[in-house]
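Read-outs throughout are calculated quantities, based only on the coordinates presented, and are distinct from any laboratory measurement. What you are looking at is a predicted structure, and each value in this text was computed from that prediction instead of being measured. Here Cβ is always computed from backbone atoms with ideal geometry, including for glycine, and neighbour counts include all displayed protein chains.
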Amino acid sequence: MKKHKTGWLTSKGERLSYYLFFAGQLIFNTIVMSYVLTLLLNNGVNEVLAGAIILAPKIWDAVNDTLFGFIVDKVRFKGGRFLPWIKLSAILMPIATIFLFSVPETMSVTGKCIWIVIGYILWDTSYTISDTPIYALSTSMTNNMDERTTILSLRGVTGAIGGLLAAVLIPLLYGQNGANLGWSVTAIIVSVIGLACMLPVGFVAKERFDAEKEEEASFKELFAALIQNKNLFVIIGVRFIFLLTYTVQVLNPIFCEYVMGNETIASLLALLISVPSIVLSVVLPMLCRRFDKVHMLVVFMVIFAVPSILQYFIGYESLAIFLLITTIRAIGYAGFTALIFMFIPDCIEYGQYTTGQRNAGTSFCLQTFVSKLNSAIISSLTAFIIAAMGFSATNVTEAGKDGVWFTYTIFTAIGSIIAIPLLLKFYTIRDKDVKEMIACNNGEITKEECEKRLSK
């Protein structure tokens, strides 16, 4: 056995099923988050109304995410704390996705809007049921920090592959320049693939830790412990701010279809964006053993922000240069998104160390809520910005194209510029501290011994 695998508890089958779940989840995430705005525009909904429709379901989201995190931390089924939810979500998400993209063509625009809002709410709820438990499961499968880091990193490989598959496949299926199958058939094909990926982990993975201790805490105790975890709120805030201006995922299909005139180009862009995610997810565990995650996160944000600004001034007239800069930006984005998830288990350990309450379900619930809030806001914000800058899908002008280009490039860098100083100033724990906290939480050393070893 390799040295870095000493003390690992999970089997290869468990880890493989865990990784596959994220492939399926990212397939569903890609079709909804990247194409729901396109779906609305294709159905005759104007940009401003489309933005409002995407944002409206987040009122429900604010309720269901908050409640579900506490439910996960309190409720335990016979089959475990997290696995029953994961099985349920694997069934609900395909159903919700197919419903969302099966808007009847004969409906009025108002009817279509209502249909999409209902479908979006159903999909959003099923995503909540999937996201919080699957991440929390990583803290239940093993308490080995190196194993957790590797598992959460490599889930990015299969997640990126799933997202890539969807991003490449969808434009080739639904559009007039592809197979022209329409949204409903496309959603069915994508959902079958996603279901096959998500279902196995519910029957293969094992929960080993944390269940009994969390069950003893009341809702009041869980909430009190949660609000004391300042590092958790900082890292979630950093993620929120960075992704708040990341318009690329939403604008790729719109940029290709309405500015470049061919929606199938989005498949090529998806490939260039996804490959760095796959490569980085493989090498990140090795990098994490040599470098502190905070420093690496800053580097990746810089790699994304600087080329984003340069790309605006260079333009897209030269396809080769455009694709090269797109790839460089993708490296920064991929590094950030793969690495940021690894901070949550660290914050959970910090929370248990400082308050005695682990709050795994609630912590990952906050991550899920912010992730979906990001997606909703950026979709709506993107629609509002490009509309304000003169873009209209029914009458594409040069001014409108310029507005899309600005939003696609310079605007995306703003999040990094704000998030970097926030991270460096307010996030206080480092990787070597987390190792000591885990040892203390597991009873291997006393809290007094741990305090002496922590960074000052």
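Can you list which of the DSSP-assigned H helices in the chain have a Cα extent of 20 Å or more along the long axis and an average Kyte-Doolittle score of at least 0.5? Both cut-offs are met by 12-42, 83-100, 109-141, 145-174, 182-198, 230-244, 265-288, 293-314, 319-340, 360-388, 410-426. Its residue count N fixes a reference of 2.2 N^0.38 Å for the chain, and the Cα radius of gyration divided by that reference is 0.96.
Counting neighbouring Cβ atoms within 10 Å and putting the fewest first, the residues LYS112, LYS78, LYS435 line up as LYS78, LYS435, LYS112. Using a cut-off of 29 Å between Cα atoms, the listed pairs LYS206/LYS435; LYS12/LYS425; LYS230/LYS435; LYS87/LYS425; LYS230/LYS293 include LYS12/LYS425; LYS87/LYS425 as exceeding that distance.
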